Amino acid sequence: MVHAIAITRVPGWEDAFPWAFAATAHRRPAAAGPDFALDPDAPGGGAIRHRDDWRLLLSQLGWRQIVVGRQVHGTEINLIRSDYSGVHLAGDCDGHATRRPGVLLAVTLADCVGVFLADPAHRAVALVHSGWRGTARGILGHGLGTMRSAFGTRAADLSVHLGPAICGDCYEVGAEVLDALGLRGRRTADLRAVLRDQARDAGVPQHAISISQHCTRCGDGRYYSHRAGDRGRHLALLGISSDTSGNTPPAA
């Protein structure tokens, strides 16, 4: 357990969406922990492994509830309509969507992309875990589709941020991966570039798409990298702050 968890906010979102909290929780360069990896060997295929780190995160941020799923590189999006107590482990899913204030969404990461989606028109958010399989299967589109069905979200109103992940120079993959991503003939894959194009093709304005410059593999070590041999995980976090102004729309 660590004494403080490093938090990096999504650039620009704090001013653009003051009603939302969007960030990555990670270790400090050359420092131990925290580790937000789930335990895949637990009964049912997953459990919170380092619960103290999760509790510290909630205490440090001042939130009361956080939701994380057992990620299976699929396209299932968990639609959150209820409150939870403390740290809640959902079932198999690779993303969450909500309009409910006070619930912090989380996905665990170590090279894959945390995709942040914000709809200011309906004050709704979604957070997606996208590795190469999820990217190839169109999980970003599934996240948008869930928001459209549940909240009335339009792609034209959406802002998308693609968080820290392995960069295109570091992510050497086989032909089957390149083919699945539509990158035949290349040697490496840039997942964030593929996701950017998917968001743009879905109707998200180019100016509303931002991409982190951090690489989990060749960066300064603050983010875990599966390719580098790390077993730990950092977190992408997204939630709607509990409102004190009376302007928050009713929760879905």
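Since every read-out is calculated from the coordinates, none of them should be taken as a lab result. Note that the structure is predicted; figures quoted are calculated from it, not measured. Ideal geometry is used to build each Cβ from the backbone, glycine not excepted, and the neighbour counts take in all protein chains shown.
Report the gain in length on full extension from Ser242 to Arg64: 0.36 nm times residue separation, minus Cα-Cα distance, nm rounded to one decimal. All intermediate terms of the calculation are to be shown ahead of the outcome.
On the way: separation 178, 0.36 × 178 = 64.08 nm, distance 1.03 nm.
Going from the current span to full extension adds 63.0 nm.
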Between Ser210 and Ala175, what FRET efficiency comes out of the Förster formula 1/(1 + (r/R0)^6) with R0 = 30 Å and r the beta carbon distance, rounded to 0.05? 0.45
Just want the ordering: Leu162, Leu79, from fewest to most Cβ atoms lying within 10 Å of their own Cβ. Leu79, Leu162
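Among Val177, Val115, which comes first, then next, by fewest other beta-carbon atoms within 10 Å? Intermediate results must be reported in sequence, preceding the final value.
Values: Val177 18, Val115 31.
By the 10 Å Cβ count, ascending: Val177, Val115.
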Relative contact order (%) - the range 125-252, alpha-carbon pairs under 8 angstrom, separation at least six: 29
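First measure r as the distance between the Cβ atoms of Asp201 and Asp92, then evaluate 1/(1 + (r/R0)^6) with R0 = 25 Å and state the FRET efficiency to the nearest 0.05.
Values: r = 27 Å, r/R0 = 1.09.
The formula returns an efficiency of 0.35 here.
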Roughly what would the spin-label model give for Ala47 and Ala31, points 7 Å off Cα along C-beta, in nm? 2.9
Just grab the label-to-label distance for Ser82 and Arg55, each label 7 Å out from Cα along the Cβ direction, in nm (one decimal). 2.3
For Asp179, Asp15, Asp119, Asp35, what's the fewest-to-most ordering of other Cβ within 10 Å of each Cβ? Asp15, Asp179, Asp35, Asp119
Modelled FRET efficiency - R0 45 Å, Arg9 with Arg184, Cβ distances, 0.05 increments: 0.75
Provide the net charge surrounding Gly74, with neighbours chosen by a C-beta distance below 12 Å and charges set as Lys +1, Arg +1, Asp -1, Glu -1. 0
Running a GNM on the chain with Cα contacts under 10 Å, which residue among Gly131, Gly185, Gly168 ends up with the highest mean-square fluctuation? Gly185
What relative contact order, as a whole-number percentage, does the chain give when Cα pairs under 8 Å and 6 or more residues apart are counted? 24
Determine the principal axes of the Cα atoms in the range 6-240, then give the extent along each, sorted from largest to smallest and rounded to whole angstroms. 49, 41, 35
